[in-house]
Amino acid sequence: MSKRMEKPINFSGTCSRQGKTPMDNVKLRKEWINSAINRLDPALFATHLPAWLELVSHLQSRPVGTRGAAAQQPIPRLSTAQLRDPRISSVADDTVFAFCIAAILHNNSEVVGKLETELMNHYGLDFPGSRALALCRHGRETENALDDAAGRIVQARLDGQAFDPKDVWNAGLRLLEKVRKSNFVQELSVMLAKWLREQWQQILKEQRFNLSYPRVSVPPIEAALEVNLNDQAFAASLLLAATAAVDIELDPAYQEHLEAIASRS
């Protein structure tokens with residue numbers, strides 16, 4: 001686990017006093033939260049979550065065509081009340097969800113409980129992202145079907161439930177859908193692809209007997225695994241290759257959707 005930051009960076013203002021530009025400020029805010037997720041550091045995450053939410057709120061408040069210019073302007077701080085605004089809560093939920101997904105993809109369940117403790121210590125029971133954490137840890141359903149499906153997968157992994165090949169396939173599909181909608185799609189896509197690769201390599205070694213018609217269904221999986229890139233295209237290709245092995249027939253429209261993701265052209 002990485003060391004806790006003793007002096008969090010003050011992101012207010014333009015950074016000009018330190019010889020840095022507002023764009024440096026923007027990059028720092030994203031880099032800190034990225035680092036917290038990649039390193040699975042709950043303390044770093046809790047410390048820098050408000051700065052990330054302030055950045056996204058600032059950019060979202062501007063018309064799409066002017067967000068580049070907005071990034072050059074000072075970023076106002078958010079009050080406690082503003083942090084609970086539904087738009088900000090949605091960003092916070094996405095950020096917490098990203099941390100939880102990263103945790104299960106790295107097989108680190110313990111760190112999610114530590115994240116909840118850190119966030120409560122910093123912001124109280126109604127902390128930013130509390131909805132997502134309640135969904136991932138306790139299975140509290142929402143009105144968002146994709147969030148509920150992804151949350152159940154995270155909860156199952158946190159609880160140590162064993163996944164058979166069909167469970168792995170379903171988890172890969174739902175998490176791919178969730179990751180593609182996240183502000184952290186670039187970071188999570190690599191993690192998901194690596195996880196799927198490891199899971200299917202293990203399935204071919206230890207659970208081949210659980211696959212349908214392995215003589216026919218395994219070769220496409222092996223061919224997909226030969227691709228060395230870990231990205232969305234690989235994840236989608238592997239899901240497509242494994243459909244017969246887990247006895248799943250995709251809707252034609254969704255088949256085309258996965259094929260489009262799998263294409264690197």
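The values are calculated or read from the model by the stated rules, or taken from the named source; none is laboratory data. These figures come from a predicted structure and were not determined experimentally. With ideal geometry, Cβ positions are generated from the backbone for all residues, glycine too; neighbour counts draw on all protein chains shown. What goes into the accessible areas is simple: the full protein's heavy atoms, side chains included, and nothing from ligands, DNA or RNA. Shrake-Rupley method; radii C 1.70, N 1.55, O 1.52, S 1.80 Å.
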Point to revise | Every residue from region 238-262 that is in a helix (DSSP H, G or I) and open to solvent by less than 40 Å² (accessible area, probe 1.4 Å) | key: LEU238, LEU239, LEU240, ALA241, ALA242, LEU258, ILE261, ALA262
Practice item. List the number of the failed condition for VAL185; all other conditions in (1) surrounded by 21 or more Cβ atoms within 10 Å (Cβ to Cβ); (2) closer than 15 Å to ALA98 by Cα hold. Key: (1)
Revision key, fill the gap. Subset of region 88-120, residues more than 26 Å from LEU59 (Cβ to Cβ) and in a helix (DSSP H, G or I), comes to ALA103, ILE104, LEU105, GLU110, VAL111, VAL112, GLY113, LYS114, GLU116, THR117, MET120
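Is it true that some residue in region 188-200 is aliphatic (A, V, I, L, M) and more than 18 Å from the chain's Cα centre (by Cα)? Lay out the reasoning, then the answer.
We begin by selecting, within region 188-200, every residue aliphatic (A, V, I, L, M); these are 188, 190-193, 196.
Then drop every residue that is not more than 18 Å from the chain's Cα centre (by Cα), which leaves none.
Within region 188-200, not a single residue is aliphatic (A, V, I, L, M) and more than 18 Å from the chain's Cα centre (by Cα).
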Study note, to complete from the structure: Expected output for region 105-122 (first residue over 20 Å from ASP159 (Cβ atoms) and of a type in the set (D, E, K, R), partner part of a helix (DSSP H, G or I) and open to solvent by less than 70 Å² (accessible area, probe 1.4 Å), Cβ below 8 Å, 6+ apart or cross-chain) is GLU118/PRO42; GLU118/ALA43; GLU118/PHE45; GLU118/ALA46
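So that you can scan it fast, the table gives a plain yes or no per residue for (1) under 20 Å from ARG131 (Cβ atoms); (2) modelled with pLDDT under 85; (3) open to solvent by less than 80 Å² (accessible area, probe 1.4 Å):
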{"residue": "THR14", "(1), (2), (3)": "no, yes, yes"}
{"residue": "ARG29", "(1), (2), (3)": "no, no, yes"}
{"residue": "ILE33", "(1), (2), (3)": "yes, no, yes"}
{"residue": "GLN60", "(1), (2), (3)": "yes, yes, no"}
{"residue": "GLN72", "(1), (2), (3)": "no, yes, no"}
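Of all the helices (runs of 4 or more DSSP H) wholly in region 135-228, which have at least 2 residues that are over 23 Å from ASN34 (Cβ atoms) and touching a residue at least 40 places away in the same chain (Cβ under 8 Å)?
Values: elements: 145-158, 165-180, 185-206, 214-225.
Qualifying helices (runs of 4 or more DSSP H): 165-180.
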Review point. Out of the residues in region 84-112 that are surrounded by fewer than 20 Cβ atoms within 10 Å (Cβ to Cβ) and either among the charged types (D, E, K, R) or more than 18 Å from the chain's Cα centre (by Cα) (or both), which is nearest to ASN144 (Cα to Cα)?
Key: ASP94
Exercise for review: Quickly run through region 237-259 and pick out the residues that are in contact (Cβ under 8 Å) with a residue 12 or more places away in the chain and more than 16 Å from ALA223 (Cα to Cα).
Suggested key: VAL246, ASP247, ILE248, GLN255, LEU258
**Study point:** Selection from region 113-130 of residues that are acidic (Asp, Glu) and open to solvent by 70 Å² or more (accessible area, probe 1.4 Å)
**Key:** ASP126
Review point. If you go through region 214-227 one residue at a time, do you hit one that is surrounded by fewer than 18 Cβ atoms within 10 Å (Cβ to Cβ) and among the polar types (S, T, N, Q)?
Key: no
